[in-house]
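J.: Have a look at this one before I ask anything.
Nothing in this text is a laboratory measurement; each read-out follows from the coordinates by a stated rule. This is a predicted model, so every value here is computed, not measured. Cβ sites come from the backbone with ideal geometry, for glycine too, and all protein chains shown count toward neighbours.
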Amino acid sequence: MNVTQDMSVWGLVSHASLFVQLVMLGLLLASLLSWWYIFRKAFVLRQAKSDTEAFEKDFWSGGDLNSLYQAAAAAKHRAGSLERIFEAGFREFSKVKRPPGADRSAAIDGTRRAMSATYQREMDVLEQNLAFLASVGSVAPYIGLLGTVWGIMHAFMGLSTVAQATLSLVAPGIAEALIATAMGLFAAIPAVLAYNRFSHDIDRLAVRFESFMEEFTNIMQRQG
Amino acid sequence: MSHAAVRQPFQQVREEPKALLAGALALLVHVVAVVALTYGFSIQTQRNEPVSAELWAALPPPAAVAKPVPAPPEPPPKPELRPVPKPPPEPKEVPVKAPPKADIELKAKEAAKAKQAEDERRRLEEAKKREAEKVKAQAQAQAQADAKAQKEALAKQAEADRIRREQEELGRKAAEAAASAQAKLMASHIDKIRAKVRNFIVEPPGVPPKATAEFDVVLIPGGDVLSVKLRRSSGNALYDEAVERAIRRAEPLPIPPEPQLFPQFRTLLLQFRPQE
């Protein structure tokens, strides 16, 4: 074996066997994707939080519900989640309200259903890609371990052909195999952290949405 | 309920203005991680080479290593400082041979006239003879001077020869001194080599202590062994083999680091004796 082994990271990666290299490539892609989702999600959630705060402030400042609805309906694609929920509920309520003398509880039920449907959709959008982060966080270490085990197997197989086994014969193989584990952990740790953080944030948003729905239903009931 | 009242879920496509920024940030995170990893590793890869040291009771003096370059022969003794060779003893002026004695008795017997004439003739003859003698003496002197000059030249030549011989002698002595210094150095290095090899010898039992194994060892620069040949067996094949193995295992053999000394260490004759 070559005595002057290139012990830099690149040297180790380029010396690794094809399977280990494929594992490393997969882990690199997973890491890139998960970081991309992490940043996207962070931006989206921050936006959702500020939108929600802004809408709650508007809503509870005692403004006209009709004008709020108009504004929400006009800028639907830019509206925040809470705004959409409000818009869906208010629209349903105003539609059901039209025939005079209709059953009030039926109108309230319709409003609730419309709001909860929008709520589900909003939650779906917010939770989008979180599953990917969870997968990367739980599976990437195993994939890295697989690459490592494979690489170490190779190192020891190469060892079986030489008469005198020295540490310097196995060490490069083990080092390059361990890079796979390192990459797996590198991909997994941020993914797990981000997943926990984001699901916590989303839970808090969901609580806010649900309480808003309850309060809005009360207002509708009082009005109707 | 009118159709317009039904909300289409796909209307919900909403803009996400920061998706591209998020992608750029994700890339940035990886680039930073890779750069940090690369630099972190490259710092750690500067391994310290293990230092090997050998301990010797008597080290060859380092000066001796530099010496083997044969000292420039002493400047040849300047001829003008040499005692000027004594000129050979001046050849004594060879006396001009005395002219033959005039035959006076004859003159007396003869008549005065005849005697006179005879005298006259003789005188003339004598003068002539003298003249001839003179010329001859001159020639002789000339020849003698020539011989003297030649002798002097010969002496000078002999002197020069002597000086040259002396110089040669001196040069040879210097060369001999250098050679002996080198031989000493070589011997000390060979001792080192043998000591190192001896560390690796696993002696088989029952080798007579007087048994000597001789090996011709060919080295390459750096001290690695190119070939080992048994020149004279110790009489014990096991011991021969043990020594040969030891020579191989002892490489690189401790030869002097100076490349100009290597030629003397290219082929070595090493002797080994058990329990030395």
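J.: With helices defined as uninterrupted DSSP H runs, which ones in chain A have an alpha carbon span along their own long axis of at least 18 Å and mean Kyte-Doolittle hydropathy of at least -1.0?
T.: A:18-60, A:81-97, A:104-127, A:130-159, A:167-223
J.: Rounded to the nearest 0.05, what FRET efficiency do A:Leu169 and B:Ile220 have when you use their Cβ-Cβ distance and R0 = 25 Å?
T.: Taking R0 as 25 Å, the efficiency between A:Leu169 and B:Ile220 is 0.50.
J.: Modelling each spin label as a point 7 Å along the Cα-to-Cβ direction, I'd like the A:Ala74/B:Ala145 distance in nm, to one decimal.
T.: Once both label points are built, they end up 14.7 nm from each other.
J.: About its Cα centre, what dipole magnitude does chain A give when the only charges are +1 on Lys and Arg Cβ and -1 on Asp and Glu Cβ, stated in debye to the nearest 20?
T.: Roughly 560 debye for chain A.
J.: Additional query: May I ask you to compute the full-extension gain from A:Ser138 to A:Trp10, defined as 0.36 nm times their residue separation minus their alpha-carbon distance, rounded to one decimal in nm?
T.: 43.4 nm
J.: Simple spin-label model, 7 Å along Cα-to-Cβ: B:Leu21 to B:Ala53 in nm?
T.: Placing both labels 7 Å beyond Cα along the Cβ direction yields 6.3 nm.
J.: How many angstrom separate the Cα center of segment A:110-129 from the Cα center of segment B:152-182?
T.: 116
J.: Net charge near B:Val218, counting Lys/Arg +1 and Asp/Glu -1 over other residues with Cβ under 15 Å of its Cβ?
T.: Neighbourhood net charge equals -1.
J.: Same structure again: Go through A:Met123, A:Thr111, A:Thr52 and say which Cα lies farthest out towards the positive end of the charge dipole of segment A:9-223; charges sit on Cβ, +1 for Lys and Arg, -1 for Asp and Glu.
T.: A:Thr111
J.: Considering only Cα-Cα distances, which of the following residue pairs are longer than 31 Å: B:Lys128/B:Lys156; A:Lys57/A:Lys95; B:Lys173/B:Lys229?
T.: B:Lys128/B:Lys156; B:Lys173/B:Lys229
J.: When you look at the Cβ of every residue in B:24-33, what mean number of other chain Cβ atoms sits within 10 Å?
T.: If you average over the peptide's residues, the count of other-chain Cβ atoms is 4.
J.: Simple spin-label model, 7 Å along Cα-to-Cβ: A:Val207 to B:Val31 in nm?
T.: 4.0
J.: What's the magnitude of the charge dipole for segment B:201-272 around its Cα centre, counting Lys and Arg as +1 and Asp and Glu as -1 at the beta-carbon? Answer in Debye, nearest 20.
T.: So the magnitude is around 120 debye.
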